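First up is the structure itself, then whatever we jot down about it.
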Amino acid sequence: MTPHISRPAGEAGPKAADIAKCDEGALLELIDEVERRHGYVPRDIAEEVNRLLEVRLERLRRIQGKLDTTIRRDVQNHVAHWRDEEGNLIMILHAIQNQHGYIPREVAMELSRELGVKLARIYEVITFYHYFKLQPPGQHNVVVCNGTACYLKGSGELINEVKTRLGVSEGQTTPDRKFHFDVVRCIGCCGMSPAMVVDGKTHGRVRSADVSGLIEQVKKEEAKA
Amino acid sequence: MNPITHEKLAAYAMVPPGPAEWIRVQLDTGGIAAGAEGVLEAIRNKRDEARLSLSVHRVGSVGYSYADPVVEVQSAGMPRTMYGRVCPGVAARIVQEHVQQQRLLDDHVIATRKRSTVLGGPITQILVKDTGTGSSDKTEFFQFSLVEEMRRRGVSDRVQVVRALDMGLYNEGVVVQLLPSAVTYANVLAPDVARIVSESLAEGKVLDDLLWSDPDLQTRIVLRNCGEIDPDSLEDYLRNAQGYQALGRVLAGMQPPDVVAEMKTSGLRGRGGAGFPTWLKWQLTANQKSPQKYVICNADEGDPGAFMDRSVLESDPHTVLEGMMIAAYAMGSTMGYFYIRAEYPKAVERVQRAIEQARAAGLLGKNILGSGFSFDAKIRLGAGAFVCGEETALIASIEGKRGSPSPRPPYPSVRGLWGHPTAINNVETLASVPAILLRGGAWYAGHGTEPSRGTKVFAVTGKVQNAQLVEVPMGTTLRQIVYEICGGVLDGKEIKAVQTGGPSGGVIPDKHLDTPVSYETLQQLGSIMGSGGMLVMDQHDSMVDVAKFYLRFCVDESCGKCAPCRIGGYQMLQILDRISRGRGAAEDLNTLRRICGAMQKASLCGLGQTAPNPVLSTLRYFIDEYKAYIEGGPSYARKMSRLQTGEAPKENLKVAATS
C-alpha cells in the first residue's frame, strides 16, 4: 500500500471554488496539468473533484430518469403501430434504430416490458443480425462496401485510406464522436465498384485519392451548418 | 385512383402509345450514385428555359452500370437515342443540340442492339467506333474519312457522322452503324469508306461483306420494362407495359390448375439458384389443405456482387407484385410478404409505393377485379443476415426470430410461415410469371435449352470492361457473355476465371468458358448458377485470396446452429490463412478436402453445404497457386501481399489451370 504522499510544501493548488466552476473539458485539462506537474493527482484535489462529480452524476441520473417517460412513450408508439402484426420484433427494432441510430439498452429493456418478451430473447435477435447496432453511431457514417466486386476492384485500399484519415478501425467511432466507420458486404452497386456510402449518399468508382475529399466535404458542410 | 374494374383493365390494353416526344432519365440506386438526379434537374431546367413541350420522365434502369447516368431521347426528326456517362453539362447539351438543333452528340451514344439487315429508307446519321483493343483508336480517323468522302460527293450536309460511346460489339475492328435503320457494318477498313458512301448512302445498297447479321444475344423478359417505364407510376405500368393484363386474364378465364399447367409448360425453374421447378413448388403448396397459405418473395439478395433483384425491384416493382398475385391465385393463398434486405432502401420504398398504388386501385384487397379472389401484400425487412436468404431461416426472420434454418422435411410447402403452407420464390422467378401467363408457357419454353428453359439475368462485374445486367437465354456460353456482350476483360488483360454463384459457387477457368450456361453444366464444372452474380477475374487476382474472401464471408454469416458449418468453416479459414501467410504444409490441402466433404454432407442448410464450393473449385483448377504458397513459404507470401497492395510492380501471375 503506497504511503500517503503529500504535495510538496509551498505549492498552491487550485482552490475548491475554481474546480466547481469548471466544465468537463476544463476539468480534464486541469487534472492533466496537475498530473504533469506532480506526476500524480494529489489527494485533496482528487477528493474535491470527486465530490463535484458525485453531485453532477446525481443530477444527470435524475435527468435521465425524467427522459425514461419519453422512452416509454416512444416504445409504446412503435409497438402500437405494429401491434396487429405477427412477428413484429424485427420491424420494431428497425423503427427504433431509425430513430436513435442504434438500439439503446434502456429502450430494449422498455421494449421487453412492453412486449412481454424476455430481454434475453430481444438481445438474441439484436445480436444475431449485423444491421442492428448496440453502440451509438457517430454524427456521420462512412461505409465502405466490401462485396466481391468492390473487393476485386480495390476496396481494401479504400478501407486502409479511411483508417488512415479517420484514425479508427472498422466498426469504431472517432473519439470526438463525429465519424463512425463501417465495412459492409454488398450494397448492390456492383456495377460501380468500388462503392462507398457517406451519410446515406452512395458514391461509385471511388479511388483512394477521393476518400480524403469525401471526408473533407462532410467536415466543411458541418462547419457551415 | 379509383378502383379498376375488369372493363377498365381491358381498355388499357387498347390504349394508343404515349407522347411522341420524351426524354427519359434512368434512376435507380446505381444511377443516383453516379449523379442521375443532377442530370434530371439539368434537363428539366434546360427544357423549361427553352420552353419546349417534350416530356421528361423518370424511369428505372436498363442495367448498363458501366454507362451510368443513362438518358434516352425520342424527339421529332431524330432516331430514338440512348446516351451514357451523361453529366449535367452533357444533359444540357442534349436538350440544346439533340432536341433543338437535331444533332447527335459525339462520344456519348450507346448504339441500339436491335440491328437490322435492310436499309428501310434514307440514312440520316452514321455512328462510328473503333472496337479493337489496339494501342491506337481509329474512331476519329474514320469519322474524318467518312465526312471527307461525303464532302467529295456533295452529300455531307445531309448526314451527320458521330463518334459513339458503345456499339455493343467488341474486338470487331471499326464498326459503323447507319441510322435510323441500324444496319451495322463491322471490321470496316479504310478502303471501305468510299463504298459505304457511294453504295449505302447514295444508292441505299447494303454491303453484305461488311454486314453484321448476328442477332442480339440478349433476350429481355425479366428486364422487359426496366428503363422503359416509371417505376413509381401505376398508370405507366398499365398503359405501356401491359400491366396487370396477365392477372386479368388469369382471374377471368383460368382456374388454379390451369395456371400451374401453364407454368409446367414454360419449364420455369427457381431463379434464386436452386433451380427447383416453379410449377411443382406451387402444386405442392396448392395440394395442402389449410385455411391460410402464404406466398413470399425472397428479395434478400445476399450474394455480394449481385444486383439483379435490386434492379428489378427498383425499376419494375409492379411486375413482381403481379407475379406474386398470380402465384397466390394458383395456390389458394390470400397473403403475401416481400422479404427485402434492409440494405436496399430504394427498393423497399418503390415496392411500398407499388403496394399502396395497387391497393388504391383495387388491385390488392378483397374481390380483385370482381373475381372473388382476395389478396394483400406486406413488406418485411431483413437485417443484414446472409443466411436469411435460405428459406427456413427467412421464415424464422419474418416470424421475428433469430434467422436459424430448420431441417427439411417438412418443407415450407407443407409447413412454413407460422406453420402454414408457404411458397417462397425469387424476385426473378416472379417477374417472369406475368410474361409467361400473357404470352404462353410454350413461348417461354422456346427459349433456352432442354432441362434449363427460359432466360437468366446475370450481373457481370469485376474486372470486366462494361459491367452491366445481362439477360440471356440458357445455353449462351460464358465466353459470349463476357466477351461479346460485356466487352471482355478490363484494360485488355488476360482472363483467369469467371466466378458464378457467389459464396456458394465456384470459379470457372478460361478453358471452360465455352460451356453453355445452364443449371446442370455449371454444376458439373464445380460451380452453381446461383442467383446470377458473375465476377470476372484477371491474372492479377489470387485464387487463394478469393477462396479466403468467400470463406471468411461464410464464417461471418454462419448462424452457428450446426457444428459442421460453425466449426468446419472456421477451421478451414484458419488453414487458408496460414497457407496465405506462407506457413502452410502439404497435408493442409488434404485436410481442407476432408473438412469440405464433412461440411457438404452434414451441414443443416445450404450455407454450410455450399460454403466449401469456392475452396473445392479453386483447388480443382488452381492447385498450383496453393502449392506455390506452401513451397514458397513466408517470403513468397510477403511478395504476393505486396503485389496485392500495389507496392511492387505487377507481374503476370501466369499459373496454368490444372483440371
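The values are calculated or read from the model by the stated rules, or taken from the named source; none is laboratory data. Computed from a predicted model, the values in this text were never measured in an experiment. All Cβ positions, glycine included, derive from the backbone under ideal geometry; neighbour counts span all protein chains shown. For accessibility, only protein heavy atoms count, side chains too; no ligands or nucleic acids. Shrake-Rupley method; radii C 1.70, N 1.55, O 1.52, S 1.80 Å.
Expressed in nm², what is the orientationally averaged projection area of the convex hull enclosing the Cα positions of the stretch A:19-62?
Convex hull of Cα atoms, orientation-averaged projection: 3.0 nm².
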What relative contact order, as a whole-number percentage, does chain A give when Cα pairs under 8 Å and 6 or more residues apart are counted?
-> 13 percent
For B:Gly448, which sequence-distant residues (separation of 5 or more, or a different chain) have an amide H within less than 5 Å of its own amide H, given hydrogens modelled in the peptide plane?
-> B:Gly454, B:Met474
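What do you get for trypsin sites (Lys or Arg not before Pro) in the stretch B:329-359 restricted to DSSP loop and a cutoff of at most 13 other Cβ within 10 Å of the site's Cβ? All intermediate terms of the calculation are to be shown ahead of the outcome.
Working: sites: B:Arg341, B:Lys346, B:Arg350, B:Arg353, B:Arg359; in loops: B:Arg341.
Sites meeting the loop and neighbour criteria: none at all.
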Under the Karplus curve 6.51 cos²θ - 1.76 cosθ + 1.60, θ = phi - 60°, whole-Hz ³J(HN,Hα) for the stretch B:344-358, x wherever Gly or Pro sits = 10, x, 5, 5, 4, 4, 6, 5, 4, 5, 4, 4, 5, 5, 5
Cα lying deepest toward the dipole's positive end in the protein assembly as shown, options B:Ala354, A:Leu111, A:Phe179, charges on Cβ = A:Leu111
Long-range amide H partners of B:Ala377, meaning residues 5 or more apart or on another chain whose placed amide H is closer than 5 Å, are B:Gly336
Tell me which aspartates and glutamates have Cα within less than 17 Å of B:Lys46's Cα, excluding those fewer than 8 residues away on the same chain?
-> B:Glu21, B:Glu37, B:Glu72, B:Glu97
Area accessible to solvent at B:Asp192, 1.4 Å probe radius, in Å² = 20 Å²
For chain B, averaging the sequence separation of alpha carbon pairs under 8 Å that lie six or more residues apart and dividing by its residue count, the contact order in percent is 12 percent
Peptide B:28-36 - average C-beta neighbours from other chains (10 Å radius) = 5
Mean projected area, convex hull of alpha-carbon positions in chain B, reported to one decimal in nm², is 30.1 nm²
Could you work out the relative contact order of the stretch B:260-411, using alpha carbon pairs under 8 angstrom and six or more residues apart, expressed as a whole percent?
-> 20 percent
For chain A, built as a Gaussian network whose Cα springs stay under 10 Å, the top-fluctuating residue of A:Gly200, A:Gly101, A:Gly138 | A:Gly200
Is it possible to state the helix-based mean residue ellipticity at 222 nm for the protein assembly as shown, with each DSSP H run of 4+ residues giving -39500 (n - 2.57), the sum divided by total residues, to the nearest 500 deg cm²/dmol? What is it?
-> -12500 deg cm²/dmol
Expressed in angstrom, Rg and Dmax over the Cα atoms of chain A are 23.8, 73
Largest fluctuation, A:Ile126, A:Ile63, A:Ile215 only, Gaussian network model of chain A with Cα springs under 10 angstrom, belongs to A:Ile63
Quick one: length gained pulling B:Asn45 to B:Ala442 fully straight, 0.36 nm per residue minus the C-alpha distance?
-> 138.1 nm
Which cross-chain or sequence-distant (5 or more) residues have an amide H under 5 Å from the amide H of A:His140, H modelled 1.01 Å from N in plane?
-> A:Phe179, A:His180
About its Cα centre, how strong a charge dipole does chain A have in debye, to the nearest 20, once Lys and Arg get +1 and Asp and Glu get -1 at the Cβ?
-> 240 debye
From the backbone phi of the stretch A:94-106, what are the Karplus-calculated ³J(HN,Hα) couplings (6.51 cos²θ - 1.76 cosθ + 1.60, θ = phi - 60°) in whole Hz, Gly and Pro given as x?
-> 4, 4, 5, 5, 4, 6, 9, x, 6, 9, x, 4, 4
Among B:Leu551, A:Ser208, B:Val39, the residue whose Cα sits farthest towards the positive end of the charge dipole of the protein assembly as shown (+1 at Cβ of Lys and Arg, -1 at Cβ of Asp and Glu, taken about the Cα centre) is B:Leu551
Treating each Cα of the stretch B:353-508 as an identical point scatterer and ignoring solvent, apply the Debye formula and state log10 I(q)/I(0) at q = 0.09, 0.11, 0.16 Å⁻¹.
-> -0.48, -0.71, -1.20
Mind checking the dipole of the stretch B:155-274: about its Cα centre, +1 per Lys or Arg Cβ, -1 per Asp or Glu Cβ, Debye to the nearest 20?
-> 420 debye
Once both labels are modelled 7 Å past Cα along the beta-carbon direction, what's the A:Ala46-A:Met109 spacing in nm?
-> 3.0 nm
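Report the charge-dipole magnitude of chain B in Debye, nearest 20, computed about the Cα centre from +1 at each Lys and Arg Cβ and -1 at each Asp and Glu Cβ. Mind dumping the intermediate values first?
Values: 71 positive and 70 negative charges, 332 e Å.
It comes to approximately 1600 debye.
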Evaluate the Kirkwood expression for the hydrodynamic radius of the stretch B:34-167, namely the inverse of the mean inverse distance over all pairs of different C-alpha atoms, and round to one decimal in Å.
-> 16.1 Å
Projected onto the charge dipole of the stretch B:201-275 (unit charges on the beta-carbon of Lys, Arg, Asp and Glu, signs +1, +1, -1, -1), the Cα from B:Gly204, B:Ala252, B:Asn240 with the largest positive-side position is that of B:Ala252
Sequence order, the stretch B:417-427: Karplus ³J(HN,Hα) from phi using 6.51 cos²θ - 1.76 cosθ + 1.60, θ = phi - 60°, Hz rounded, Gly and Pro as x, gives 4, 6, x, 9, x, 9, 10, 10, 10, 6, 4
Quotient of Cα Rg and 2.2 N^0.38 Å for the protein assembly as shown, N being how many residues it contains = 1.06
Violating pairs (Cα-Cα greater than 21 angstrom) within the set B:Lys493/B:Lys627; B:Lys114/B:Lys456; B:Lys346/B:Lys561 = B:Lys493/B:Lys627; B:Lys346/B:Lys561
Over the stretch B:221-338, with a single point scatterer placed on each C-alpha, what log10 of the ratio I(q)/I(0) does the Debye formula yield at q = 0.09, 0.10, 0.16, 0.23 1/Å?
-> -0.26, -0.32, -0.85, -1.47
